[in-house]
Amino acid sequence: MPTKNLKLVVVGDGGVGKSCLLISYTTNSFPSEYVPTVFDNFAIDKIVDGKNYNMGLWDVAGQEDYDRLRPLSYPGTDVFLVCFSLGDRDSYENITQIWIPELNRFCPGVPRVLVGCKTDLQSHCITKQEAMKAATDLHCVMYMESSSLQLKGLTELFDMAVKVAVVNMERLSSKTKRFKFLKKKKELHSPSNADLLIPPVMPPAGFAPEIEIETSTIGEDWLNLLNSATNADTRLILPNGERFYAHQTLLASASDVFRKALLIEPNKKKLKAEEKLFNHPAILKVDSSEAPKCTKVYLAKVVSSQAMKHALQFFYSGVVVFDKSPSDALLQDIRNLGELFSCPFLKQICDNLQSDDEDLNPSIGTYLCDVRAEQMKKLFFDPASDSDADLKFLFKSKEIYAHKCIVSARNATMAAMLDGRFAESNAVNVATVDMVHDNQIDSETFLAMLEYLYTGHAPLDKGVDPVSLLILADKYNITRLTNLCELYITKFVEQKCFKSIEKADVDVIGLLSMAQLYNAPQLVRWCLHFISTNYLPLSARPEWSQLSDANLQHIEEHRWPPLEYLEQVKEYEELCHGHSYHAKKRSGVTCLIM
């Protein structure tokens, strides 16, 4: 069975979901990251109503900066998907003001389907009835809705697009056959193949470099803290006198039983007690007479040494480490501790080991690290309170309290800084670090970095300046935090450039210089690609003159569109003007020329 070739072009404002629509449909999965499209196209094979089609899918840039180049992607189009976001009324109104007029100008005879994207949004600015009426008024074949995130309506949409294109092609073919007797006359007055004006082929712009995030080491950091016993403030004492050195911040965050035993309450000062009998089958008593330097927790006979060792590994890192295959008896002892200390996932870890499903355990560990991070933030990350804190950072405007065991375990630079460089207060045993004279660090950005050290997550969605945080991450050599800032900055730029690049309220050239100065190589590569592939709009901005010679040379070598293509476009436009060929005079055919 012969295969028919079809060309489908997706148009609409930037950010409405055009690229996600194509990616989700062709890969059956929603893209994890937004990749702004300059111009892209690819092909898929599709069967509709038992017939084979090779469908070329064309995705074009929606920004006004590409109004001149975008129509060069239109020739040969069989059907347009005209897209807007159901959560963005501006994108809907631009269908009438921008996109339909553009298609009427360049491809008046090509059918269009109006598409409402992002049905998964909780609130819609446009009703279905409103959009259906618009489709009728704008002479679109129909209106359809889809969700790329939920993979809903995609197959139906593209099946219908194929049918619309095929029906139009058959209509044109039938029309041609009915007027065969005019063929010779038509050929006499039609331009020869040599006269047909074919637009130059637009070269691919290439994809932006991906920002890779370094794997989190928070579980490993806590496990190293446990093994080293650095800054330990708790001793777990077994009946035989054996002792484990631990940290209240980790114990209380991992187990409600230990939190209650250590008298730690969220958002409150730690309760004081010299010695307390504890009514629990695993804990006999808690002695806080030497606190805050040392709190002693006396464990009952039901707690074995080996089981407690592995339980602590789990409390700290979310994993259990065995030197050799554990015995069933040891696994049962660990299970018992999971129940005693209210940690059901510890029991699940052991069950998975016995049932040869240990490959499931790393995901449990990752989940528990996140849960523990949230609990640690709730219990201990109170920078305005000195309760339980043994570390104070002094700024001009405020004092920020923290825990030495946390910041030292999570950052080697901070650990080195704290090693012998602070002044002790004998009264409260709080180490003070003077940050007043460091002009590079403001208290709010430092607070965001501390939250990352405690939780492994950066509060970039809470108004923190990502550039300032990236600079601080470089100062303290926190590579993963740098990666998170790099990724956030690229997304920020993309959001700012939805409508226009030349007029966007963001300085990408300044970001490039900053990234090079503060060791953010992924952001450097991304900025160079962004500037190169958006050469025309960015070269019109005033900061273009601030590019270094090396950066400018790279951008000129990789500029898109290349000069050769722009020269071809100029020649094509001159030929079009000279021959007076206009697409609007070619009614009833697919789009061939501008």
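Here, each number is a calculation from the coordinates, and none is a lab measurement. Here the structure is a predicted model, which means the values were calculated and not measured. Every residue, glycine as well, gets a Cβ built from its backbone with ideal geometry; the counts of neighbours run over all protein chains shown.
Using amide H atoms built 1.01 Å from N in the peptide plane, name the residues 5+ places from Thr295, or on other chains, whose amide H lies under 5 Å from its own.
Here the answer is Thr234, Arg235, since their amide H atoms fall under 5 Å of that of Thr295.
What Kirkwood hydrodynamic radius do you get for segment 4-178 when you take the inverse of the mean 1/r over all pairs of distinct Cα atoms, in Å?
16.3 Å
Provide the descending list of Cα extents for the chain along its principal axes, expressed in whole angstroms.
108, 56, 44
Express the relative contact order of segment 382-465 as a whole percentage, based on alpha carbon pairs under 8 Å and six or more residues apart in sequence.
Reported as a whole number, the value is 27 percent.
What is the total of Lys pairs in segment 4-178 with C-alpha atoms under 17 Å apart, excluding same-chain pairs fewer than 8 positions apart?
14
Report the antiparallel proportion of the DSSP beta bridges in the chain as a percent, rounded to a multiple of 5.
If we restrict to bridges inside the chain, about 50 percent are antiparallel.
Work out Dmax and Rg for segment 1-99 from the C-alpha atoms and quote the Rg first, both in angstrom.
14.3, 45
Output the relative contact order of the chain, whole-number percent, from Cα pairs under 8 angstrom with separation of 6+ residues.
15 percent
Compute the Cα gyration tensor for segment 462-519, then decide on rounded, prolate or oblate, letting a ≥ b ≥ c be the square roots of its eigenvalues: rounded whenever a/c is under 1.5, prolate when a/b is larger than b/c in the other cases, and oblate in all that remain.
Since a/c reaches 1.5 and a/b is larger than b/c, the shape of segment 462-519 is classed as prolate.
What ranking do 480-491, 135-146 get when scored by the average of other Cβ atoms within 10 Å per residue, highest first?
Going from most to least packed, we get 480-491, 135-146.
Charges on Cβ only, +1 for Lys and Arg, -1 for Asp and Glu, centred on the Cα centroid of the chain; of Trp99, Thr455, Pro239, which one is farthest towards the dipole's positive end?
Trp99
If you take the Cα Rg of segment 422-578 and divide it by 2.2 N^0.38 Å, with N the number of residues, what do you get?
So the Cα radius of gyration is 1.42 times the expected 2.2 N^0.38 Å.
One-quarter of the Cα convex hull surface for segment 219-380, in nm²?
Quarter of the Cα hull surface area: 9.0 nm².
For each of Ile501, Ile283, count neighbouring Cβ atoms within 10 Å of the residue's Cβ, then give the residues from fewest to most.
So the ranking, lowest neighbour count to highest, is Ile283, Ile501.
If you fit an axis through the alpha-carbon atoms of helix 479-496 and take the longest principal axis of the Cα set of the chain, what angle between them do you get, 0 to 90°, nearest 10?
30 degrees
From zero outward in steps of 5 Å, how is the percent of C-alpha pairs of segment 317-359 spread across the bins?
Result returned by the calculation: 6, 23, 36, 27, 8, 0.
Summing +1 for each Lys or Arg and -1 for each Asp or Glu, what net charge is found among the other residues whose Cβ lies under 13 Å from the Cβ of Val60?
Within the 13 Å Cβ shell, the charges total -3.
Note the angle between two axes, namely the Cα long axis of helix 443-455 and the longest principal axis of the Cα atoms of the chain, as a number of degrees from 0 to 90, rounded to the nearest 10.
In the chain, helix 443-455 runs at an angle near 80 degrees to the longest axis.
In Å, what is the Rg of the alpha-carbon atoms in segment 382-465, and how long is Dmax?
So, for segment 382-465, Rg and Dmax equal 12.5, 39 Å respectively.
If you take every DSSP beta bridge fully contained in segment 36-182, what fraction is antiparallel? Give it as a percent rounded to 5.
50 percent
In vacuum, with every alpha carbon of segment 297-435 counted as one equal point scatterer, what does the Debye formula give for log10 I(q)/I(0) at q = 0.16, 0.22 Å⁻¹? Two decimals, please.
Ignoring solvent entirely, the Cα scatterers give -0.90, -1.23.
What is the angle, in °, between the Cα long axis of helix 508-517 and the longest principal axis of the Cα atoms in the chain? Nearest 10 is fine, range 0 to 90.
40 degrees
Under the rule of -39500 (n - 2.57) per DSSP H run of 4 or more residues, summed and divided by the residues of the chain, what mean residue ellipticity at 222 nm is obtained, to the nearest 500 deg cm²/dmol?
Counting only the DSSP helices, I get -13000 deg cm²/dmol.
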